[in-house]
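A short worksheet on the structure shown next.
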Amino acid sequence: MTALSAADPAIRIVGLSKRFGDRIVLDDVSFEVAAGEVVAILGASGAGKTTLFRCVTRLAQSDGGQIFLGEHAIRNLGGRQLSIARGEIGLIFQQFNLIRRLSALDNVLVGRLGEVPTWRVMLRRFPQRDRQLALAALDRVGMLPYALQRADILSGGQQQRVAIARALAQQSRFVLADEPVASLDPQSAKSILSILRDIARERMIAVLVSLHQVEFAIQFADRVIGLRAGRMIADRPAAAFAEADHRMIFAT
Amino acid sequence: MRTGDAGVFYPDPARSWIAVAPVRFVATLLLVLLVYGFSIYFVDFDLGRLWSGLPKLAHWAAKAWPPDARELGVLIERAIETVAMAVVGTTIGVIIAAPCCILAARNITPSRLLYTPMRWFLNTLRGIDSFIFALLFVAAVGLGPFAGVLGIGLHSAGTIAKLWSEAIEAVEPGPLEAAALTGANRLKVISYALLPDILPNLTSITLYVWEFNVRSSTVLGVVGAGGIGQELKNSVDLLDFARLFTIILIILAMVTAIDQFSAWLRRRLV
Ligand SMILES: Nc1ncnc2c1ncn2[C@@H]1O[C@H](COP(=O)(O)OP(=O)(O)OP(=O)(O)O)[C@@H](O)[C@H]1O
Ligand SMILES: [Mg+2]
């Protein structure tokens, strides 16, 4: 792992574009996230937030532009190198994507899959260190008491937290969170967002988080990016985010 | 002009003319009639011949009573042999199917290039009945249950791999994506994120195929590939209907027991 100072852009997106058929979903999107920084993406439903995350992780193939995560030029990678780069990205999905029949703990251990030898994964014998990391991650999101509960009987908000713990356990250099607090009450939402901000600071992780709520963005992010119909219409320090920006982003 | 609540008129979204209900109905009806017309023509459907054959059947049925239980021990042994053939044959099928179904499932196949040939291969195995495979293996490895087991194994490999790969294609992609995004290789993703969610489903499919194989094993003896079918054929050849009746009763009891047992197991799985 290369040492990153706070000034290096950890995530750098340049002129990214993505089409689905004729519909342009991302149009010339460019921004940077520094190590240790939290950047919020605000956008109405359908603005392209999920699509952006899918392009950055190469779950979807973008049509133009460049994506740099640290030293990885994501758009040019394939096979083994793509796997290595992905191992450094912790993605929190909007739909959680937990393995239904596995326990919360086993789901958090998914975050360790990249590191643990294949035979151990197949036999489900994770080293002590990885189990400790997983339990600590569960504790951090307040889900330790549910460690052995099956994922499919947890409530939506609890599944959300397990999904976040999975990303924490991965100890990645980059965290991308797609509406991580959409199904949480305001109090839990705040605690989850502070966790994301704290790990950004503690571990010098670049955190990119999409949100619907402007007040959360202003409170927890260092910078706010406005996305509207696939175009960036704002990129400001959170403190400078104004009512006018809000209206532009969510105007119908 | 009817309008919605807001006083706005919403025209129906345009559809192609083929999607209009009466056109679709008439077209479907014509197609069904055509299929029946051809099929009845081809099978020489003739109730008169059935009528004239009925006395012969009745005569045989009369001769079948009381069932002849003198060789009950041997027959039951043959029934057990039949179930055993299904067990071993299905297991061979599972062993062949396991690697094949990964190649043949669109969402996890490591190679798009191998996907289509694998599908073709599996369709071929599935398209050739165990009975036909058994016929070939009897010629190759000689009479007896071993030929039958090989036949069942090849045919079930195709069936199991096809049903398994379809089950795999039906899983939601999210958890697999989440696992792949940790940098995990394909083997880790499949064994950790895919298997736990679909193992009950795969097992249920396997039991279903095994159940089916018990039924198809009962006729393999007709081509000399072991099992109770061999006894069945002997009795028919000798017109020994009392013994035949016993065999049919044993087959019925065996198949019913197996079906119930397998259905019970499958219910417990999901
Ligand atoms: N696979 C796809 N094929 C076609 N269109 C798609 C596909 N995925 C997304 N879209 C379209 O792209 C646009 C952006 O979708 P996206 O999911 O990125 O929005 P979002 O900002 O995440 O919205 P939300 O806040 O509701 O989650 C939408 O109009 C959507 O219909
Ligand atoms: Mg979304």
Being part of a loop (DSSP other than H, G, I, E, B) and either within 14 Å of ligand 1 (Cβ to nearest atom) or within 14 Å of another protein chain (Cβ to nearest Cβ) (or both), is that true of even one residue in segment A:191-211?
-> no
Only one of A:Ala217, A:Ala229, A:Ala221, A:Ala234 that is of a type in the set (A, V, I, L, M, F, W, C), more than 14 Å from chain B (Cβ to nearest Cβ) and away from ligand 1 (no atom under 16 Å from the Cβ) | A:Ala221
Selection within segment A:82-129 - touching a residue at least 24 places away in the same chain (Cβ under 8 Å), in a helix (DSSP H, G or I) and either more than 9 Å from chain B (Cβ to nearest Cβ) or hydrophobic (A, V, I, L, M, F, W, C) (or both) = A:Leu82, A:Ala104, A:Leu105, A:Val108, A:Leu109, A:Val110
Starting from segment A:42-54, take each residue that is more than 17 Å from A:Gly64 (Cβ to Cβ) and list its partners that are assigned to a loop (DSSP other than H, G, I, E, B) and more than 6 Å from ligand 1 (Cβ to nearest atom), counting only C-beta distances under 6 angstrom and pairs at least six apart or across chains.
-> none
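Do any strands (runs of 3 or more DSSP E) entirely within segment A:12-71 hold 2 or more residues that are within 13 Å of ligand 2 (Cβ to nearest atom) and within 18 Å of the chain's Cα centre (by Cα), and if so, which?
It comes to A:38-43.
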Criterion: within 19 Å of B:Leu72 (Cβ to Cβ) and not hydroxyl-bearing (Ser, Thr, Tyr) - qualifying residue of B:Ala242, B:Ala225 | B:Ala242
Number of the condition not met by A:Ser62 [criteria: (1) facing chain B (nearest Cβ under 8 Å); (2) in contact with a Leu (Cβ under 6 Å, 6 or more places away or on another chain); (3) over 28 Å from A:Ser183 (Cα atoms)] | (1)
Members of segment A:194-224 found to be within 16 Å of ligand 2 (Cβ to nearest atom) and touching a Ser or Thr at 6+ places or on another chain (Cβ under 9 Å), listed by number | A:Ser210, A:His212
With A:Ala165, A:Ala182, A:Ala240 as the choices, which residue is over 30 Å from A:Arg19 (Cβ atoms), touching a residue at least 24 places away in the same chain (Cβ under 8 Å) and of a type in the set (A, V, I, L, M, F, W, C)?
-> A:Ala165
Give the residue that is surrounded by the fewest Cβ atoms within 10 Å (Cβ to Cβ), with candidates limited to residues of segment A:49-64 that are near ligand 1 (Cβ under 8 Å from one of its atoms) and among the charged types (D, E, K, R).
-> A:Arg54
Return yes when B:Ile228 is crowded, with 23+ Cβ neighbours inside 10 Å and among the hydrophobic types (A, V, I, L, M, F, W, C) and no when it is not.
-> yes
Residues of segment A:137-149 satisfying the condition of being in contact with a helix residue (DSSP H, G or I) (Cβ under 8 Å, 6 or more places away or on another chain) and either within 18 Å of A:Ile164 (Cβ to Cβ) or outside any loop (DSSP other than H, G, I, E, B) (or both) = A:Ala137, A:Leu138, A:Arg140, A:Val141, A:Gly142, A:Met143, A:Leu144, A:Tyr146, A:Ala147, A:Gln149
In this structure, does A:Asp106 turn out to be away from ligand 2 (no atom under 16 Å from the Cβ) and farther than 25 Å from B:Glu172 by Cα?
-> no
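Since every read-out is calculated from the coordinates, none of them should be taken as a lab result. If you're wondering where the values come from, they're calculated on a predicted model, not measured in any experiment. Heads up, the Cβs are rebuilt from the backbone with ideal geometry, glycines too, and the neighbour counts pull from every protein chain shown.
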